[in-house]
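Have a look at the structure below, then the notes.
Bear in mind that the values in this text are calculations on the coordinates, not laboratory data. Source: prediction; values computed, not measured. Reconstructed Cβ throughout: ideal geometry from the backbone, glycine too, with neighbour counts over all protein chains shown.
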Amino acid sequence: MTKIGRFEVVRRLAMGGMGAIYLARDPRDDRLVAVKIVGASGGDEQIRQRVAREAQLAARLHHPNVIAFVDGGEQDAAA
């Protein structure tokens with residue numbers, strides 16, 4: 001099984017210019033989550049700041065039709 005951090009990947013949902021979004025299971029509370037991975041350009045400081053800002057904004061959203069922001073961070077490699 002492929003893992004991204006603690007998350008167990010179920011399948012890829014989307015692929016774009018900045019990276020990919022995966023459907024994954026969070027074993028901590030046994031629920032499905034979306035995990036966004038920034039591609040090789042993620043090392044660019046401007047991209048990192050953009051992704052961090054996106055995470056901050058997503059964490060503020062509370063609406064029944066918008067997924068909840070669970071966690072954010074950096075990881076050297078997905079195993």
Net charge of neighbours whose Cβ lies under 12 Å from the Cβ of Glu8, counting Lys and Arg as +1 and Asp and Glu as -1: +4
How big is the Cα convex hull of region 1-69 in projection, averaged over all directions, in nm²? 5.3 nm²
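Please work out the FRET efficiency for the pair Arg31 and Gln56, using the Cβ-Cβ distance as r and a Förster radius of 35 Å; give the result to the nearest 0.05.
The pair Arg31/Gln56 has a calculated efficiency of 0.95.
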What FRET efficiency, computed as 1/(1 + (r/R0)^6) with R0 = 22 Å and r the Cβ-Cβ distance, is obtained for Ala68 and Leu13, rounded to the nearest 0.05? 0.85
Averaging sequence separations of C-alpha pairs under 8 Å and six or more residues apart, then dividing by the length of the chain, give the relative contact order as a whole percent. 23 percent
Taking the Cβ of Asp29 as the center, what net charge do the other residues with Cβ under 14 Å away carry, scoring Lys and Arg +1 and Asp and Glu -1? 0
Structure-based [θ]222 nm, the chain - -39500 (n - 2.57) summed over DSSP H runs of at least 4, per residue, nearest 500: -6500 deg cm²/dmol
